[in-house]
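The values are calculated or read from the model by the stated rules, or taken from the named source; none is laboratory data. In this text, all values refer to a predicted model and were calculated from it rather than measured experimentally. FYI the Cβ positions are ideal-geometry reconstructions off the backbone, even for glycines, and counts take in every protein chain you see. The protein model used for the area step is the full one, side chains on, heavy atoms only, and it has no ligands, DNA or RNA in it. Shrake-Rupley method; radii C 1.70, N 1.55, O 1.52, S 1.80 Å.
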Amino acid sequence: MNGNVLRILYQPYKWLVYLPLFVTSTVAFLLLGMPIIALFGPDAANRIAGRGWARFNGFMTPMRVTLVGRENIRKGQSYVVVANHQSSYDIFVLWGYLGVDARWVIKKELRRIPLFGLAGKLGGNIYIDRSDRRSAHESLAGAGKILKNGVSVIMLPEGTRSRDGKLREFRKGAFAMSLALGIPVLPVTIVGTRHILPPGTLDLFPGRVTLVVHKPLPGDEYGEDRLDDFIRDVRGVIQRGIDRHARFEA
């Protein structure tokens, strides 16, 4: 069937079924997460409520995710997870399917979003003011208190979603954190989410995503004097993942 016809047929489902389910599930999983945090802490809440919310909404889109490179994640090891950023759906993919206990580094503006901001705060995620270097440095320094026993942090170093799918330049924060804390960077490539929900639109449509986990890169092999080389190498790994798996895009 013609793709345009399928897109037209999908519209009633998107507005009448998926959108109400998204709102309802967000509230439901937030309410579920609160007692889990109180009883068992944010780690359990992120695993159960956070991952459940992401997978539920991915399933209802529907979105099919293929995970490549799971063997590159070592149990009990904390990482600074660095991924490209194509769509708001990257949140569902990384939280729901990557399979690591993780926190997010989030720009402070998102804290004002109802429910999302509250959930992020209760879940122990890290909000930063990117316009204030001192504030951002202090916020990132606090990450060292939680990045242990296999808890990782997810960062999207492009800073914003790529409008055309091309990889933007990387900010330095994730790599400086890796060096400061002695935690390896885990490069991750996301392919396909920009076709499910293009940046800056509500043009949601089902699709498939490839999530590629690459081998971790230890920052101590570079050191502070080779920070730019560290960034270049991680970016190159992610770019090669995009090039290799782009054929899976819708």
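Out of all the residues in segment 57-64, is one or more out of contact with any helix residue (DSSP H, G or I) (no Cβ under 8 Å at 6 or more places or on another chain), in contact (Cβ under 8 Å) with a residue 40 or more places away in the chain and in a helix (DSSP H, G or I)? No, segment 57-64 contains no residue that is out of contact with any helix residue (DSSP H, G or I) (no Cβ under 8 Å at 6 or more places or on another chain), in contact (Cβ under 8 Å) with a residue 40 or more places away in the chain and in a helix (DSSP H, G or I). Apart from one condition, Q86 fits all of (1) part of a loop (DSSP other than H, G, I, E, B); (2) out of contact with any helix residue (DSSP H, G or I) (no Cβ under 7 Å at 6 or more places or on another chain); the exception is (2).
The residue that is farthest from T193 (Cα to Cα), counting only those in segment 53-112 that are open to solvent by 10 Å² or more (accessible area, probe 1.4 Å) and of a type in the set (V, I, T), is I73. Cβ-Cβ distances below 7 Å connect the following pairs, each with a first residue in segment 79-90 that is more than 16 Å from V212 (Cβ to Cβ) and of a type in the set (A, V, I, L, M), a second residue that is part of a strand (DSSP E or B) and open to solvent by 10 Å² or more (accessible area, probe 1.4 Å), and a separation of six or more residues or different chains: V80/M155. Residues in segment 1-43 that are in a helix (DSSP H, G or I), open to solvent by less than 70 Å² (accessible area, probe 1.4 Å), under 21 Å from G124 (Cβ atoms) and without any contact (Cβ under 8 Å) to a residue 12 or more places away in the chain: A28, P35.
Taking the condition of being under 26 Å from T193 (Cα atoms) and modelled with pLDDT under 90, how many residues in segment 34-52 meet it?
Result for segment 34-52: 0.
For segment 97-119, the tally of residues that are assigned to a loop (DSSP other than H, G, I, E, B) and modelled with pLDDT of 80 or more stands at 3.
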